[in-house]
1. Pull out all pairs, ordered by first then second residue, where Cβ-Cβ is under 8 Å, the residues are six or more apart or on different chains, the first lies in region 258-274 and is in contact (Cβ under 8 Å) with a residue 24 or more places away in the chain, and the second is within 16 Å of the ligand (Cβ to nearest atom) and among the hydroxyl-bearing types (S, T, Y).
2. From the set of residues in region 198-218 that are surrounded by 18 or more Cβ atoms within 10 Å (Cβ to Cβ) and among the polar types (S, T, N, Q), which is nearest to the chain's Cα centre (by Cα)?
3. Enumerate the pairs (first residue in region 22-44 and over 15 Å from E58 (Cα atoms) and in contact (Cβ under 8 Å) with a residue 60 or more places away in the chain; second residue anywhere and surrounded by 15 or more Cβ atoms within 10 Å (Cβ to Cβ) and among the hydroxyl-bearing types (S, T, Y)) with beta-carbon separation below 9 Å, excluding pairs fewer than 6 apart on the same chain, so at least 6 apart or on different chains.
4. Could you check, for region 174-183, whether at least one of its residues is part of a strand (DSSP E or B) and within 27 Å of E216 (Cα to Cα)?
5. Out of region 240-281, which residues are more than 22 Å from the chain's Cα centre (by Cα) and not hydrophobic (A, V, I, L, M, F, W, C)?
6. Would it be correct to say that L47 is on the phi < 0 side of the Ramachandran plot, not small (G, A, S) and not in a loop (DSSP other than H, G, I, E, B)?
7. Quick check on region 62-85: of everything there that is within 16 Å of the ligand (Cβ to nearest atom) and in a loop (DSSP other than H, G, I, E, B), which residue is farthest from T208 (Cα to Cα)?
8. Give the number of residues within region 150-160 that are crowded, with 22+ Cβ neighbours inside 10 Å and closer than 15 Å to L197 by Cα.
Amino acid sequence: MKVLLTRKLHDFAVNELRKRYNVEINRGKIPMSKKDLLTKIRDKDGLICFPYDTIDSEVIDAAKNLKAISTYSVGYDQIDIKHAAKKGIVVSYTPEVLTRATADLTIALILDLLRRVTEGDRIIRHNKWKTIFGPDDFLGTDFYGKTLGIFGMGRIGRAVAKRAKGFEINILYHNRHKLTKNEEKDLRIRYVTLKRLFEESDIITVHTPYTEETHEIVNLQLFKRMKPTALLINTARGKIIKEKDLIFALKKKIIAGAALDVFQKEPIDRKHPLVRMENVVLTPHIGSSTKETRRKMAEIAVENLILSLSGKNPRYVVNTF
Ligand code: DGY
């Protein structure tokens, strides 16, 4: 069988694949151009792709032998899942293993914004630190006693709640499905509507998947409901937030700040308005980016593909048909 990787994975993972299949690895542009992808996928039985690839119906139709798509990510919004199912192609993904790393980054970003860590670093590097320990110097905000609003209470949302509890804060959440009373009690969280979540929280963190329903769901209407001191964190997907509205809300001080790991277009352009804002912390889509996690993701992505191509259930399946 023939397998395509849209970029190189760890050596151990590639070796596992090479033991079984004829493996082609894209060594060119990342992401691959549509033209290149359409050509290379034509005779492949299996595909390992990444969150930035676009595996739409055209790509799926071009892949005459394709039986399995394994994405090296928890998100699978880049794949036309329905079309893959129609064609009998199994789609698998890598959840669970990256939950902790992504929740950790979320907490890091919250603390960074509250305590102005990155801003402080910039102040020193730009030679703007002139006097020491003034009572009003570089004041941040306590996390203690604040209200954290978690939008999306799946694996990552729950892991954020677990970690955040230790800071002695109140936690509200909004999710498509309300959790059971026991789960809510365990995590010490309270369900509210989306509007109330944005109205009552001091910090909002987004952990919902990107779907047609969540496309730009966080927009000016919601920003206008937020406190002027409120902060927004996004480690989920860029397109959940209407970036144009966020820029407006930050400029007009409708909200106080934002920390973003994901963007509408990645990599974000150097000249993007967000890059020029002091009340914003930006990281380059590193939610799952720890040595340990990325290695485990490779292990699972490969295992998923091998199982799917041998007609078995992958460890983590997206579509059933
Ligand atoms: C994923 O796996 O979907 C994440 O965005 C990676 O950080």
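The values are calculated or read from the model by the stated rules, or taken from the named source; none is laboratory data. Everything numeric in this text was worked out from a predicted model, so none of it was measured. Virtual Cβ from ideal backbone geometry, glycine too; neighbours counted across all protein chains shown.
1. A259/T283; L260/T283; D261/T235; D261/T283; V262/T235; E266/Y52
2. Restricting to residues being surrounded by 18 or more Cβ atoms within 10 Å (Cβ to Cβ) and among the polar types (S, T, N, Q), the top hit is T208.
3. As it stands, the answer is none, since no pair meets every condition given.
4. Yes; the residues of region 174-183 include at least one that is part of a strand (DSSP E or B) and within 27 Å of E216 (Cα to Cα).
5. Matches in region 240-281: K251, K252, K253, K271, R276, E278.
6. In short, yes.
7. Y72
8. Result for region 150-160: 4.
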